[in-house]
Amino acid sequence: MIALVGPPNSGKTTLFNRLTGLRQKVANYPGVTVEKHLGMVNLDDGRQVSLVDLPGVHGFSARTLDERVTRDVLEGKIEGMRSPDALILIVDVTRLEAQLMLVEPVLDMDLPTLLVLNMVDELEARGGSIDQEALAERLGVDVVRTSARTGRGVEEVLAYLRDLADGDTSVENIERELSNFAGSQPLPVIDAFAARRRLVRSVVQDAGFASPRPSRLTERLDSVFLHKVWGPTIFLAVVLLVFQSIFTWAVPLMDGIDWMVGTSGDWIAAALPDTWYRSLIVDGVWAGVGSVIIFLPQILVLFLFLGILEDSGYMARAAVIADRTMYRVGLQGRAFLPLLSGYACAVPAILAARTIEDERDRLATIFVTPFMTCSARLPVYAILIAAFIPNKPVLGPIMNQQAATLLGLYGLGVVAAIGTAFLLKRTLLKASPTSFLMELPPYRIPDPRTLLLRLLDRSKIFLRRAGRIIFAVTIVLWVLTQFPRTEGGPPDIEQSALGTIGHVIEPVIEPLGFDWRIGIGIVTSLAAREVIVGTLGTIYGVEEADEESFALQEILRRDLEPGAAIGLLVFFAFALQCMSTVAVMRRETAGWKWPALQFFYMLLLGYLGAFISFRIF
Amino acid sequence: MQLPTVAEKAHIEDLRLGDVPMQQEVELVSIDLPMELAEPLLERGVLPGCRICPVQSSPGGDPVVSVDGSLLALRRETADCLCVRLVSSFQDVG
């Protein structure tokens with residue numbers, strides 16, 4: 001196995017995709033949710049080499065999750081994974097000096113290493129140059145120049161892999177001068193870095209490196225994107241664009257999927273004999289799977305946008321602009337990306353927080369992420385708002401009460417997130433002021449292959465994570481409505497096992513103005529929020545219950561007081577009814593403490609919020 | 001080479017990256033931060049002796065600096081903890 005190492009924004013993933021194409025899979029390292037990208041490289045003689053794409057890191061100090069995983073992989077400490085036989089270190093040659101800070105710790109691993117100088121096209125275009133042979137001689141490793149985006153030099157990387165496969169390990173025998181610098185006795189950290197830097201300096205000098213001129217494009221764009229007035233204006237426009245894309249452009253696709261699931265469900269129902277398992281397959285499995293797939297367009301559109309923003313270099317600038325505001329509430333600029341993703345789904349959002357180096361900042365960020373109004377809340381909001389909030393204008397023709405309520409619920413989430421972050425940073429995650437350091441990569445046109453492959457990854461992860469849980473819950477629910485059998489058929493919902501559960505919890509939710517039916521809805525929505533719509537449909541015996549169902553709205557109006565309805569909305573705004581989020585939190589924090597705290601804190605907030613709403617309205 | 005007088009030294013120590021005007025290249029003298037906060041800087045090559053040049057100010061008033069051809073965004077609180085000195089043409093540093 002060969003490992004691909006490099007700093008962030010060095011084109012590592014682009015090279016990985018070039019080498020492996022679609023022969024790759026994403027998994028998680030045991031115990032942590034750092035993604036493991038494993039791929040197969042086909043050599044021209046038919047042999048295959050496995051390649052692992054490690055997270056982008058600046059060093060191996062193990063300060064962040066990514067650094068810890070990278071170090072563990074290189075040292076062969078990951079369970080079920082051999083330590084790599086060779087390394088490919090890739091750097092952005094336009095920023096050679098800063099990026100080579102990794103070279104010493106990598107060469108210290110004493111493995112055959114190939115140094116890939118990526119983005120050589122850009123170096124040349126900006127008038128820089130490097131003597132590849134001198135660099136190879138100086139470091140005692142093979143060096144190739146590539147432009148992973150255009151494919152230039154990728155052949156040479158393949159040739160190196162072929163030599164490795166031939167057992168040509170001549171690279172190992174070259175005496176390395178580096179040992180002079182990196183003595184085995186531990187140095188004080190600052191001296192170690194100073195030594196590393198001196199080494200990089202001399203290496204770069206010996207290799208006749210001529211730095212490129214600063215990128216004019218980057219300078220010009222930064223003077224606009226970080227401008228006092230234009231910067232924040234463009235920032236807001238970008239945020240609005242992302243929202244727009246999630247909520248309007250993805251909707252036709254979602255409707256399409258909804259229609260396809262419904263129609264195909266009908267076909268299946270028609271094709272199956274009318275026995276007990278027909279309802280399980282059609283109403284349980286098929287509808288359950290459909291309820292997950294429906295969110296896929298939204299997630300894809302969101303990640304396409306975020307991917308473009310990230311790969312183009314804008315996201316780093318957005319984080320810088322957001323940092324001042326975030327800092328005030330106890331978070332930092334890097335939290336911006338996860339929080340924005342949280343409007344689609346908290347699960348990928350929590351994963352996106354991995355880039356936050358400061359552990360306390362990361363914990364605070366992922367703790368408040370589920371307060372962002374994710375798309376699973378929308379069907380619930382939609383039906384309750386349609387049923388209870390009159391469609392009267394508030395601000396003249398611009399906004400009606402329904403839209404204002406929806407906006408209010410979004411605002412409620414933001415307020416809760418800010419308040420919670422503020423509270424956390426003054427109690428459990430109290431820390432001396434943290435720093436914020438963001439590397440601003442040069443602006444580049446995103447590589448479509450890399451974008452597409454990542455989208456593919458994202459959708460797989462989403463379907464697997466969310467799918468499994470919702471699938472299981474739908475089946476359990478179905479079973480609970482079918483038993484105990486009365487006269488050989490399914491019982492009335494009130495007599496079923498599910499109805500019994502509803503009655504058991506009724507005393508707890510009575511102060512909120514909810515009866516046993518809503519209770520069942522809440523219990524089932526603990527797995528995933530949107531499940532409540534289908535559950536209420538089942539309970540009230542409304543066929544084809546969805547958020548536009550008038551029949552369901554009618555019954556809800558009869559059964560629920562307006563105050564309780566608003567309470568239910570507030571409950572959904574606060575409570576953490578999402579097992580996928582809990583599961584991801586457990587993995588990301590390596591324990592039950594944080595997810596448990598988060599779950600009960602949000603539940604308490606939801607309960608109190610619903611109680612207060614019921615009394616007021 | 002003469003040692004700097006106390007007054008001169010105080011002057012040197014007083015200049016912080018946060019005070020440096022745009023496009024004025026300076027040399028980093030010391031990092032007045034706990035190790036935990038300094039390490040991310042060190043990893044990116046921001047070490048005593050390196051040349052830093054503020055190139056841009058964010059809308060919030062935080063500096064963007066150029067180090068070794070990389071652009072780094074810092075908070076001004078961090079920039080105020082980086083002691084620097086002006087690089088004059090006759091001084092040979094590095």
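The values are calculated or read from the model by the stated rules, or taken from the named source; none is laboratory data. Since this is a predicted model, take the numbers as computed values, not measurements. Reconstructed Cβ throughout: ideal geometry from the backbone, glycine too, with neighbour counts over all protein chains shown.
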How many of the residues making up region A:231-253 are out of contact with any Ser or Thr (no Cβ under 9 Å at 6 or more places or on another chain) and without any contact (Cβ under 8 Å) to a residue 60 or more places away in the chain?
-> 11
When residues of region A:279-302 are filtered for being in a helix (DSSP H, G or I) and closer than 27 Å to A:L351 by Cβ, how many remain?
-> 13
All but one of (1) at pLDDT 95 or above; (2) exposed (fewer than 15 other Cβ atoms within 10 Å of the Cβ) hold for A:E544, so report the exception by its number.
-> (1)
Looking across region A:204-228 at residues that are facing chain B (nearest Cβ under 8 Å) and touching a Gly at 6+ places or on another chain (Cβ under 6 Å), the single one that is surrounded by the most Cβ atoms within 10 Å (Cβ to Cβ) is A:P212
Of the residues in region A:321-336, how many are within 20 Å of the chain's Cα centre (by Cα) and more than 20 Å from A:T427 (Cα to Cα)?
-> 5
Could you check how many residues of region A:107-140 are surrounded by fewer than 23 Cβ atoms within 10 Å (Cβ to Cβ), within 14 Å of another protein chain (Cβ to nearest Cβ) and not acidic (D, E)?
-> 5
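Results for (1) within 26 Å of A:P7 (Cβ to Cβ); (2) among the aliphatic types (A, V, I, L, M); (3) within 14 Å of chain B (Cβ to nearest Cβ), shown as yes or no for each residue.
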position: A:G411; (1), (2), (3): no, no, no
position: A:V414; (1), (2), (3): no, yes, no
position: A:S435; (1), (2), (3): yes, no, yes
position: A:M438; (1), (2), (3): yes, yes, yes
position: A:P441; (1), (2), (3): yes, no, yes
position: A:D447; (1), (2), (3): yes, no, no
position: A:T450; (1), (2), (3): yes, no, no
Determine the pairs where a residue that is in contact (Cβ under 8 Å) with a residue 12 or more places away in the chain, located within region A:38-52, has a partner that is surrounded by 15 or more Cβ atoms within 10 Å (Cβ to Cβ) and of a type in the set (D, E, K, R) with Cβ atoms under 9 Å apart, the partner being 6 or more residues away or on another chain.
-> A:L38/A:D53; A:G39/A:D53; A:L43/A:R162; A:D44/A:R162; A:D45/A:R162; A:R47/A:R162; A:V49/A:R162; A:V52/A:K36
Checklist (1) among the β-branched types (V, I, T); (2) within 27 Å of A:T365 (Cα to Cα); (3) modelled with pLDDT of 80 or more applied to A:I445, failing item = (2)
For the subset of region B:29-73 comprising residues that are in a strand (DSSP E or B) and touching a residue at least 40 places away in the same chain (Cβ under 8 Å), which member is nearest to the other protein chains (Cβ to nearest Cβ)?
-> B:I31
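Here's the yes/no breakdown for (1) among the charged types (D, E, K, R); (2) under 18 Å from the mean Cα position of the chain (by Cα):
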| position | (1), (2) |
| --- | --- |
| A:V570 | no, no |
| A:M579 | no, yes |
| A:V582 | no, yes |
| A:R587 | yes, yes |
| A:A590 | no, yes |
| A:L597 | no, no |
| A:Y601 | no, no |
| A:G609 | no, no |
| A:F614 | no, no |
Could you check, for region A:89-99, whether at least one of its residues is in contact with a helix residue (DSSP H, G or I) (Cβ under 9 Å, 6 or more places away or on another chain) and in a loop (DSSP other than H, G, I, E, B)?
-> no
Residues of region A:56-66 that turn out to be at pLDDT below 85 and assigned to a loop (DSSP other than H, G, I, E, B), as a count = 6
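Hey, any hits in region A:118-133 for a residue that's of a type in the set (A, V, I, L, M) and within 23 Å of B:L42 (Cα to Cα)? Steps first, please.
Let us first name the residues in region A:118-133 that are of a type in the set (A, V, I, L, M), namely A:119-120, A:123, A:125, A:130.
Okay, now just the ones that are also within 23 Å of B:L42 (Cα to Cα), so none.
No - not one qualifying residue is present in region A:118-133.
Give the residue, chosen from A:G231, A:G262, that is farther than 24 Å from A:R458 by Cβ and modelled with pLDDT of 85 or more.
It is A:G231.
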Would region A:357-376 turn up any residue that is crowded, with 22+ Cβ neighbours inside 10 Å, within 26 Å of A:M579 (Cβ to Cβ) and basic (K, R)?
-> yes
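Of all residues in region A:315-340 being closer than 15 Å to A:D222 by Cβ and touching a residue at least 60 places away in the same chain (Cβ under 8 Å), which is farthest from the other protein chains (Cβ to nearest Cβ)?
Checking each candidate, the answer is A:A318.
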Would you check which residues across region A:259-278 are touching a helix residue (DSSP H, G or I) at 6+ places or on another chain (Cβ under 7 Å) and part of a helix (DSSP H, G or I) and list them?
-> A:V261, A:G265, A:I268, A:A269, A:R278
Quick one: is A:A528 in contact with a strand residue (DSSP E or B) (Cβ under 7 Å, 6 or more places away or on another chain) and either buried (at least 22 other Cβ atoms within 10 Å of the Cβ) or of a type in the set (S, T, Y) (or both)?
-> yes
Given (1) under 37 Å from the mean Cα position of the chain (by Cα); (2) modelled with pLDDT under 85; (3) in a loop (DSSP other than H, G, I, E, B), number of the condition A:R196 does not satisfy = (3)
A:A250: in a helix (DSSP H, G or I), farther than 21 Å from A:G128 by Cβ, within 14 Å of chain B (Cβ to nearest Cβ) and small (G, A, S), yes or no?
-> no
Test: A:V103 is in contact (Cβ under 8 Å) with a residue 24 or more places away in the chain and within 17 Å of B:R44 (Cα to Cα) | yes
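Right, A:L253: modelled with pLDDT under 90 and more than 17 Å from A:R444 (Cα to Cα) or not? Write out each step before concluding.
Values: modelled with pLDDT under 90: yes; more than 17 Å from A:R444 (Cα to Cα): yes.
Answer is yes for this residue.
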